[in-house]
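Trainee: Mind looking over this structure? Questions follow.
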Amino acid sequence: MFDVIVVGTGAGGSTALKVLCEAGLNVCALNSGPRMDPENDYRGHRQVYDLKYRGFGDPLRLAGKAHQEPYSVEESEYSEGKDLFEHDVAYSNAPGTDWYWKRCKATGGKANFWGRSSARFSEIDFKAADLDGFGENWPVDSAEISPWFSKAERYMGVASTIQNRPSNPDGEYLPPMPFRCLDFILQKACEKIGVPYLPDRCAQLTVEHNNHPACHYCGNCSRGCDVGSFFSPTWFTIPDAEATKRLTLLTNALVRGVLVDENGVAKGVAYVDRTTKREVEVYASVVVLAASCVETAHIMLNSKSRHWPTGIANSSGQVGRNLCEHLYGCPGYGYLPQLVGQPPTPDNIADSTVSWMPRWHNLKNPREEKFIRGYSIYMGGGCGEFPGHYRELEGFGKQYKRDIKRYYPATVGGLIQAPTLPSPTNYVDIDPDKSDIFGIPQLRFHFQWGENELLMWEHSKQVMIDLFKAAGGELWGADSVPNRPGTSLHETGVCRFGNDPKRFVTNKWAQTHDVPNLYICDASIFPNCTDKTTTMPIVAFTMRNCDHMLENFRKGLHKRA
Ligand SMILES: Cc1cc2nc3c(=O)[nH]c(=O)nc-3n(C[C@H](O)[C@H](O)[C@H](O)COP(=O)(O)OP(=O)(O)OC[C@H]3O[C@@H](n4cnc5c(N)ncnc54)[C@H](O)[C@@H]3O)c2cc1C
Ligand code: SF4
């Protein structure tokens, strides 16, 4: 019996662990996979040609698994054999849906390998429904959440500059990541076409911060940092929580549902111990779900009882609804002739989060464009370890290799981050016919891109044409279609927070309306995506919501175990 159970040890769950343990509570954390062990699991600092499969990994390693598709950069030969990623727990796609659900099941979750872009949400995000009449306002405003954004930034360490733009409020920053040569060229070109081009907000330590060392620019971030020079639960929040000696961390513990007492109030969780395949129960006064957006909805929908026949805390019928996502894709790639022949320098350390073109649409008038709201673009390029532009060149043999080298310092490409709008046809539910290998009914995705984000996608392709022209660059092409839904890993919305219990799953403190001792600490509470990423806000909202939970303990609403 614990004061609090936290399901998941990713950015959301581990922040809850830190806050609650440091406040004196006894907390049990359950994590579906093994403990992340940086010394053995991060096999960075090696060249791909030193690895048997040149970094791609054994093509047969996932044979027989429920999901055989390896995840992108973060899952490669560098982490092979460690069982850090979820390939055993199956999920379904409804006909016509092609959701790509990437899951890191090790402690710390996806933020062991994340991209580190860390911008604040803004007032025009929170009040977007008032401005353009679509969807729901958020139940918070900037004045209320800004101090928590500051707290999260001060803790995580975010490098950036003051930019004075309405859609991306400034925060408390470390010195910015240095621009690459290509950034100076593109920034000038952007001035000509009236588009902002600025340093991104990047949670990577340009200087030593809170006893975490400054980045040594090895470029291995997507394979995990071996010294903790960017924010990750493995290096930050989990050690902080463990230092209190009030944390019990259970690994390989796959939670299947929340248990309730005779009044329908949460009393604990049931999990499958993956090593013994046995089901185990653990109890607490309060349960926090932080299994990552859609998995939190999955657990809730599977938590059926006499009190909650459609899933726990689902009297509104809203659990699983309003799934939102970022449309990702490359709207333009090519090269800058000015850089051909330049000596290579290791300049793309933070990769896509060095620079960004933050939302510049619909700022004065919410209906300036054909679409509502706006998107952002990250510009990638510079001298990475692997010359990804080999795909754009034709040939073979010596001449082909020479061409790859010739263009090596000069290639650039965009990555659009366009928010989808909530739609009644985009949601998750439980597949009535299928269960995973542990007998747990599996999650099913229903998702299609909407007209608004597809208009943004077309718009961004024209921006790239204009940008390359203004920069004197040569545009080689653009993705013919956006990336698969799920690619961005910024899904939101399936347990939206709001004041009306009939229309929202939780209140503004992420406490479910129906079950007051059940809280949610991940992006599922966010009513929609903005043009910004979600992780720093997950940390900030979790800090705030756990502070409120502690107040509820002090007031006696929740009792210590
Ligand atoms: C390559 C990459 C680049 C990214 N770039 C960015 C970026 O630039 N900026 C940004 O903001 N975000 C980025 N993200 C997304 C970011 O990593 C996520 O937003 C964030 O990590 C989500 O945290 P979370 O705690 O909600 O979920 P997760 O990190 O997924 O953690 C969930 C945890 O819950 C556990 N769990 C799941 N199901 C169960 C269960 N049933 N029982 C018990 N435990 C369970 C898992 O083991 C895991 O530890 C990126 C991610 C990746 C992989
Ligand atoms: S580049 Fe910096 S943050 Fe990235 S892995 Fe190396 S030391 Fe860590």
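The values are calculated or read from the model by the stated rules, or taken from the named source; none is laboratory data. Bear in mind the structure is a predicted one, so any value in this text is a computation, not a measurement. We place every Cβ from the backbone using ideal geometry, glycine too, and count neighbours over all the protein chains shown. What goes into the accessible areas is simple: the full protein's heavy atoms, side chains included, and nothing from ligands, DNA or RNA. Shrake-Rupley method; radii C 1.70, N 1.55, O 1.52, S 1.80 Å.
Trainee: Can you name the number of the only condition in (1) open to solvent by 40 Å² or more (accessible area, probe 1.4 Å); (2) at pLDDT below 95 that Ile404 fails?
Mentor: Every listed condition holds for Ile404 apart from (1).
Trainee: Open to solvent by 20 Å² or more (accessible area, probe 1.4 Å), in a loop (DSSP other than H, G, I, E, B) and modelled with pLDDT of 95 or more: is that true of Arg35 in this structure? Quick ask: steps written out before the conclusion?
Mentor: Details: open to solvent by 20 Å² or more (accessible area, probe 1.4 Å): yes; in a loop (DSSP other than H, G, I, E, B): yes; modelled with pLDDT of 95 or more: yes.
So Arg35 fits the description; yes.
Trainee: Okay, moving on. Right, Val207: loosely packed, with under 15 Cβ neighbours inside 10 Å, farther than 30 Å from Val340 by Cβ and within 14 Å of ligand 2 (Cβ to nearest atom) or not? Break it down stepwise before answering.
Mentor: Numbers: loosely packed, with under 15 Cβ neighbours inside 10 Å: yes; farther than 30 Å from Val340 by Cβ: yes; within 14 Å of ligand 2 (Cβ to nearest atom): yes.
Answer is yes for this residue.
Trainee: Only one residue in Pro331, Pro344, Pro358 is open to solvent by 20 Å² or more (accessible area, probe 1.4 Å) and farther than 17 Å from Val7 by Cβ, so which one is that? Outline the logic, then answer.
Mentor: Numbers: Pro331 fails: open to solvent by 20 Å² or more (accessible area, probe 1.4 Å); Pro358 fails: open to solvent by 20 Å² or more (accessible area, probe 1.4 Å).
Result of the check over Pro331, Pro344, Pro358: Pro344.
Trainee: Here's another thing I want to ask about it. Just for segment 210-240: of the residues that are more than 23 Å from Pro346 (Cα to Cα) and without any contact (Cβ under 8 Å) to a residue 40 or more places away in the chain, which one is most open to solvent (accessible area, probe 1.4 Å)?
Mentor: Among them, the one singled out is Asn211.
Trainee: Also: Can you find a residue that is open to solvent by less than 40 Å² (accessible area, probe 1.4 Å), in a strand (DSSP E or B) and either of a type in the set (Lys, Arg) or within 30 Å of Leu186 (Cβ to Cβ) (or both) anywhere in segment 463-483?
Mentor: Scanning segment 463-483 turns up at least one residue that is open to solvent by less than 40 Å² (accessible area, probe 1.4 Å), in a strand (DSSP E or B) and either of a type in the set (Lys, Arg) or within 30 Å of Leu186 (Cβ to Cβ) (or both).
Trainee: What number goes with the only condition from (1) surrounded by 18 or more Cβ atoms within 10 Å (Cβ to Cβ); (2) within 22 Å of Asn40 (Cα to Cα) that Asp200 does not pass?
Mentor: Tallying (1) surrounded by 18 or more Cβ atoms within 10 Å (Cβ to Cβ); (2) within 22 Å of Asn40 (Cα to Cα), Asp200 fails exactly one: (2).
Trainee: Something else: Exactly one of (1) of a type outside the set (Asp, Glu); (2) over 21 Å from Asp531 (Cβ atoms); (3) over 25 Å from the mean Cα position of the chain (by Cα); (4) surrounded by 14 or more Cβ atoms within 10 Å (Cβ to Cβ) is unmet by Phe445. Its number?
Mentor: Among (1) of a type outside the set (Asp, Glu); (2) over 21 Å from Asp531 (Cβ atoms); (3) over 25 Å from the mean Cα position of the chain (by Cα); (4) surrounded by 14 or more Cβ atoms within 10 Å (Cβ to Cβ), the lone unmet condition for Phe445 is (3).
Trainee: Every residue in segment 489-503 that is surrounded by 21 or more Cβ atoms within 10 Å (Cβ to Cβ) and among the polar types (S, T, N, Q), please. Full working, then the answer.
Mentor: Filtering segment 489-503 down to residues surrounded by 21 or more Cβ atoms within 10 Å (Cβ to Cβ) leaves 489-498.
The answer is Thr492, and nothing else.
A quick yes/no check of all residues on (1) modelled with pLDDT of 95 or more; (2) charged (D, E, K, R); (3) away from ligand 1 (no atom under 16 Å from the Cβ):
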position	(1), (2), (3)
Thr107	yes, no, no
Ala111	yes, no, no
Arg116	yes, yes, no
Arg120	yes, yes, no
Glu123	yes, yes, yes
Phe126	yes, no, yes
Ala129	yes, no, yes
Pro139	yes, no, yes
Ser142	yes, no, yes
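Trainee: So, in segment 75-104, of the ones that are over 20 Å from Arg444 (Cβ atoms) and touching a Gly at 6+ places or on another chain (Cβ under 6 Å), which residue ends up most open to solvent (accessible area, probe 1.4 Å)? Write out each step before concluding.
Mentor: To start, the set of residues in segment 75-104 that are over 20 Å from Arg444 (Cβ atoms) comprises 75-85, 104.
Still in the running and touching a Gly at 6+ places or on another chain (Cβ under 6 Å): 76-77, 80.
Numbers: Ser76: 15, Glu77: 18, Glu80: 47 Å².
This residue is Glu80.
Trainee: If only one of Ala291, Ala284 is modelled with pLDDT of 95 or more, among the small types (Gly, Ala, Ser) and assigned to a loop (DSSP other than H, G, I, E, B), which one is it?
Mentor: On the way: Ala284 fails: assigned to a loop (DSSP other than H, G, I, E, B).
Exactly one of Ala291, Ala284 is modelled with pLDDT of 95 or more, among the small types (Gly, Ala, Ser) and assigned to a loop (DSSP other than H, G, I, E, B), namely Ala291.
Trainee: Scan segment 203-248 for residues that are part of a loop (DSSP other than H, G, I, E, B), within 16 Å of ligand 1 (Cβ to nearest atom) and of a type in the set (A, V, I, L, M, F, W, C) and jot them down.
Mentor: Ala203, Leu205, Cys215, Cys225, Phe231, Trp235, Phe236
Trainee: Does segment 80-92 include one or more residues that are among the small types (Gly, Ala, Ser) and closer than 20 Å to Ala297 by Cα? So that I can check it myself, show each step before the final result.
Mentor: So in segment 80-92, the residues among the small types (Gly, Ala, Ser) come out as 81, 90, 92.
Remaining after also requiring closer than 20 Å to Ala297 by Cα: 90, 92.
Yes, because at least one residue in segment 80-92 is among the small types (Gly, Ala, Ser) and closer than 20 Å to Ala297 by Cα.
Trainee: Taking segment 378-401 as the search range and keeping residues that are of a type in the set (Phe, Trp, Tyr) and open to solvent by 40 Å² or more (accessible area, probe 1.4 Å), which one is farthest from Ser222 (Cα to Cα)? Working first, answer last.
Mentor: If we filter segment 378-401 for residues that are of a type in the set (Phe, Trp, Tyr), which is where we start, we get 378, 386, 390, 396, 400.
So of that shortlist, the ones also open to solvent by 40 Å² or more (accessible area, probe 1.4 Å) come out as 386, 390, 396, 400.
Details: Phe386: 13, Tyr390: 20, Phe396: 29, Tyr400: 28 Å.
That would be Phe396.
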